[in-house]
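The values are calculated or read from the model by the stated rules, or taken from the named source; none is laboratory data. Not measured: the values here are computed from a predicted model. Every residue, glycine among them, receives a Cβ derived from its backbone with ideal geometry; neighbour counts consider all protein chains shown.
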Amino acid sequence: MALDIPAEDRLAIQDLMARYAWALDTGDDAAYAQLFTEDGVFVERGQPFKGRAVLAEHVRELVAVMRPGNRHHNTQLLFESGDASRCVIRSYSTHIFEPEPGAAKVVRMQGFYRDVCVKQEGIWYFAERVWDEWNTGSLAAYRVAGR
């Protein structure tokens, strides 16, 4: 697939990723699930969570075990392929954590996402969002083909 994604779609996808982080970090399970297609899937370390009801439940489970103070960051979006209706993106992921209110913030995890985003009725959604930790021993597998 060629890379032909209009600027307004790129901005909408950046907004989708920001909404993802805000929903996750504020524990808004309903908003989180609505960012995915009806049959959308989030895969974390090889474990899939498919469908909006399952995705919302996953966030509720995370919130039950995570203390407040988490912040997830998606950066350096690399549009690998796509058009105005579907695209594949890679991005970095950093998870900042505040162990106690007012304590120094720490980087808890660093990883990356591989996303398949689709546009349905004018709105961008995640059809698939795969997250995994960055493995320095696998750098060759992460390389991006030049243009």
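Give me the residue from region 33-59 that is modelled with pLDDT of 95 or more and among the charged types (D, E, K, R) and, out of that set, surrounded by the most Cβ atoms within 10 Å (Cβ to Cβ).
R52
Examine region 23-31 for a residue that is more than 22 Å from V118 (Cα to Cα) and touching a strand residue (DSSP E or B) at 6+ places or on another chain (Cβ under 7 Å), and state whether such a residue exists.
Taking every residue of region 23-31 in turn, at least one turns out to be more than 22 Å from V118 (Cα to Cα) and touching a strand residue (DSSP E or B) at 6+ places or on another chain (Cβ under 7 Å).
For region 112-128, give me each residue that is under 20 Å from L55 (Cα atoms) and not aliphatic (A, V, I, L, M). Break it down stepwise before answering.
Taking region 112-128 and keeping what is under 20 Å from L55 (Cα atoms), we get 112-120, 123-128.
Residues satisfying the conditions are F112, Y113, R114, D115, C117, K119, Q120, W124, Y125, F126, E128.
Please verify whether region 85-96 includes one or more residues that are closer than 30 Å to T136 by Cβ, free of Cβ contacts under 8 Å to residues at least 40 places away in the same chain and hydrophobic (A, V, I, L, M, F, W, C).
For region 85-96, residues closer than 30 Å to T136 by Cβ, free of Cβ contacts under 8 Å to residues at least 40 places away in the same chain and hydrophobic (A, V, I, L, M, F, W, C): present.
Could you please find all residues in region 33-63 being β-branched (V, I, T) and closer than 23 Å to G122 by Cα? Working first, answer last.
Step one: of region 33-63, the residues β-branched (V, I, T) are 37, 41, 43, 54, 59, 63.
T37, V41 - these are the residues of region 33-63 that are β-branched (V, I, T) and closer than 23 Å to G122 by Cα.
Mind checking which pairs have a first residue in region 37-53 that is without any contact (Cβ under 8 Å) to a residue 40 or more places away in the chain and a second that is surrounded by 16 or more Cβ atoms within 10 Å (Cβ to Cβ) and of a type in the set (A, V, I, L, M), Cβ under 6 Å, 6 or more apart or different chains?
P48/V41; F49/L55; K50/V41; R52/A33
Six or more apart or on different chains, Cβ atoms under 8 Å: show the pairs whose first residue is in region 12-23 and in contact (Cβ under 8 Å) with a residue 40 or more places away in the chain and whose second is surrounded by 17 or more Cβ atoms within 10 Å (Cβ to Cβ) and in a helix (DSSP H, G or I).
Filtered contacts from region 12-23: Y20/Y32.
Right, A56: aliphatic (A, V, I, L, M), farther than 16 Å from V118 by Cα and within 11 Å of the chain's Cα centre (by Cα) or not?
The answer is no for A56.
Sort out which residues of region 110-139 are surrounded by 11 or more Cβ atoms within 10 Å (Cβ to Cβ) and modelled with pLDDT under 80, and write them in order of number.
The one that is surrounded by 11 or more Cβ atoms within 10 Å (Cβ to Cβ) and modelled with pLDDT under 80: N135.
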